[in-house]
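One structure is given below, encoded as structure tokens.
The values are calculated or read from the model by the stated rules, or taken from the named source; none is laboratory data. The structure presented is a predicted model; accordingly, all values stated were derived computationally and were not measured. Here the Cβ positions follow ideal geometry from the backbone for every residue, glycine too, while neighbour counts run over all protein chains shown. Note: areas computed on protein heavy atoms with side chains; ligands, DNA, RNA excluded. Shrake-Rupley method; radii C 1.70, N 1.55, O 1.52, S 1.80 Å.
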Amino acid sequence: MGMKKNGFSLLELVLVLAILGIIVPAGFSIFMSSIRAQLKVSLLQEVKRNGDTALSVMENLIKSRTQSLQQLDGTPICNAAGTTYSAGDVYFVDPEANRFRFHMSGDQIASDSSAIGSSFLTNAKVSVTDFTLTCEKSSSFTPPIISVGYTVSQASDTTRAEEQATLNYLTKVRLRTY
């Protein structure tokens with residue numbers, strides 16, 4: 001009669017440990033990569049949501065409410081053919097003669113209105129830079145074109161690539177003719 005085997009031999013145990021020594025680090029590496037990818041996606045979603053919302057609000061208000069453009073002191077701008085304005089704040093005037101504008105407040109885009117007050121178009125989770133708002137009128141027969149541009153980034157001081165997200169926005173809006 002043969003001997004009955006109880007347990008594992010030393011060779012079997014070493015072989016299992018060697019295989020686990022290869023599989024566990026590889027599995028951990030894949031797991032950590034997927035966590036980093038999820039973080040990057042969530043940061044990009046937040047940046048995109050803020051940038052898209054701000055751009056949508058500005059475009060809709062400019063298209064639907066703007067009748068004319070002014071400087072801070074009430075001087076009309078972009079009302080003559082061949083003019084361009086990019087020297088400062090642009091105030092939009094609606095049909096009821098209420099003025100509103102879009103500007104930077106800290107590192108956020110804000111909207112000020114004489115009828116509604118002030119509100120932020122982006123939140124504190126993102127930081128906005130390079131905000132520009134210009135207008136130009138190419139001919140007497142066309143309405144002014146408003147150019148809006150800005151960069152939205154994740155509001156963090158990290159240098160890790162997976163914790164950084166930045167998107168650039170640029171659009172042109174043609175005013176309606178009344």
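For this structure, a couple of remarks:
- Dipole of region 86-178, positive direction: furthest Cα of 119, 133, 154, with charges on the beta-carbon: 133
- Sequence-ordered 3J(HN,Hα) estimates for region 35-50 from the Karplus curve with 6.51, -1.76 and 1.60 and θ = phi - 60° stand at 5, 5, 5, 4, 4, 4, 5, 5, 5, 5, 4, 5, 5, 5, 4, 5 Hz, glycine and proline given as x.
- Per-residue ³J(HN,Hα) for region 51-68, Karplus 6.51 cos²θ - 1.76 cosθ + 1.60, θ = phi - 60°, Hz, x for Gly and Pro: x, 5, 5, 4, 5, 4, 4, 5, 4, 5, 5, 5, 5, 8, 10, 7, 10, 8
- Accessible surface of the chain [probe 1.4 Å, protein heavy atoms]: carbon and sulfur percent: 60 percent
- Taken along its three principal axes, the alpha carbon spread of region 102-178 comes to 51, 29, 14 Å, from the longest extent down to the shortest.
- Convex hull volume per residue, computed on the Cα atoms of region 60-103, equals 82 Å³.
- Between the residues 11, 110, 79, the greatest Cα displacement towards the positive end of the dipole of the chain, with unit charges on the Cβ of Lys, Arg, Asp and Glu, is found for 11.
- Cα-centred dipole magnitude for the chain, charges only on beta-carbon of K, R (+1) and D, E (-1), debye, nearest 20: 640 debye
- For region 127-138, the Karplus equation 6.51 cos²θ - 1.76 cosθ + 1.60, evaluated at θ = phi - 60°, returns couplings of 10, 10, 9, 6, 6, 10, 9, 10, 9, 8, 10, 7 Hz by residue, with Gly and Pro reported as x.
- Violating pairs (Cα-Cα greater than 23 angstrom) within the set 40/63; 40/172; 40/125: 40/63; 40/172
- Computed over the chain, Cα set: Rg, Dmax in Å: 28.7, 110
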